[in-house]
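Notes for the one structure printed next.
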Amino acid sequence: MAIMKRSIMTLYSGATDMYSHRVRIVLAEKGVNVDVLYVDPNNPPEDLLTLNPYNNVPTLVDRDLVVYEANVIAEYLDERFPYPPLLPVYPVARAKNRLMIYRIERDWLSLIPKIQAGGSEGQTANKLLVEHLVTLAPVFAEMPYFLSEDFSLIDCCLAPLLWRLPTFGITLPNDAKAVNEYAKRVFERSSFQASLSELEREMRD
């Protein structure tokens, strides 16, 4: 059954930016009718500066409201469009989800700039990211989605990273088979496919 389009918003997004991609996944999950404006994060348009004091992406414009920072945007969208819910109902479970997203950003996503920079520091960061994923492989195997039977904001955070692994020169070892199986489930979701920019599609072509 087709998802009803419920609003018109504007998202300033990087075409290959992981944080922008996270927001696009949330928007696709919610079936929100959004106008995605792809901009160069290194050379953003002047109107973005008038909207966002940090002049960065992602930036969401919803009527008179401007929201920036990926986690703030994602939670705003989850509250604005309650179905399907992407955070648990109960405070303890919600706190655990938020902590896991914080850990992913602090322990995993923080390694990406170093990997992209290359050199010995990049190689060390690459190896560390693989070790993190291998260590948590049993957790990926426990449920269809990360720590949950249902797709959540944690998955929206993980999916852009896992999609980009080939661009970082990362092939996960057999010890991380559960991670690859998890990634395949997420990548096959229609919302994930709808979230991809053309440049992101080319990452896996």
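Bear in mind these aren't lab numbers, they're just calculated from the coordinates by the rules spelled out. Keep in mind the model is a prediction, meaning the values are calculated, not measured. We place every Cβ from the backbone using ideal geometry, glycine too, and count neighbours over all the protein chains shown.
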Additional length obtainable on full extension of the chain from T167 to R106, 0.36 nm per residue less Cα span: 19.9 nm
Farthest toward positive dipole pole in the chain [+1 Lys/Arg, -1 Asp/Glu at C-beta], among I115, M100, Y38: M100
Pairwise FRET efficiency - R204 versus A141, Cβ, R0 = 25 Å, nearest 0.05: 0.65
Lysine pairs in the chain with Cα atoms under 28 Å, if 8 or more residues apart or on separate chains: 13
Sorted by Cβ neighbour density within 10 Å, fewest at the top, the residues L129, L136: L136, L129
At q = 0.12, 0.17 Å⁻¹, base-10 log of I(q)/I(0) for the chain (Debye sum, equal scatterers on each alpha carbon): -0.62, -1.27
Electrostatic dipole magnitude of the chain [Cβ: Lys, Arg +1; Asp, Glu -1; Cα centre; debye, to 20]: 400 debye
Student exercise, the stretch 91-189 dipole from Lys, Arg, Asp, Glu Cβ charges, in Debye to nearest 20: 200 debye
Two-site FRET efficiency, E46 against Q123, from Cβ-Cβ distance with R₀ of 30 Å, rounded to 0.05: 0.15
Relative contact order of the chain, pairs being alpha-carbon contacts under 8 Å that are 6 or more residues apart, as %: 23 percent
Computed over the stretch 91-189: relative contact order in percent, which uses C-alpha pairs under 8 Å that are six or more apart: 29 percent
Estimated vicinal HN-Hα couplings, Hz - the stretch 74-83 in sequence order (Karplus 6.51, -1.76, 1.60; Gly, Pro = x): 4, 6, 4, 5, 5, 7, 5, 10, x, 10
Within the stretch 43-68, backbone nitrogen closer than 17 Å to the virtual label 7 Å beyond the Cα of R98 toward Cβ: 68
Given 10 as the ceiling on other Cβ atoms within 10 Å, longest exposed-site-free region of the chain for GluC sites (Glu not before Pro) in DSSP loops: 1-148
Separation of alpha-carbon centers, the stretch 24-75 and the stretch 138-205, rounded to whole Å: 23 Å
Note, ³J(HN,Hα) from phi for the stretch 173-190, Karplus 6.51, -1.76, 1.60, rounded to Hz, x at Gly and Pro: x, 4, 4, 10, 3, 5, 5, 5, 5, 4, 4, 4, 4, 5, 5, 7, 5, 4
Kirkwood-Stokes translational diffusion coefficient of the stretch 79-195, alpha-carbon pairs, 20 °C, 1.002 mPa s, µm²/s: 142 µm²/s
Relative contact order for the stretch 1-110, counting Cα pairs under 8 Å that sit 6 or more residues apart, in percent: 25 percent
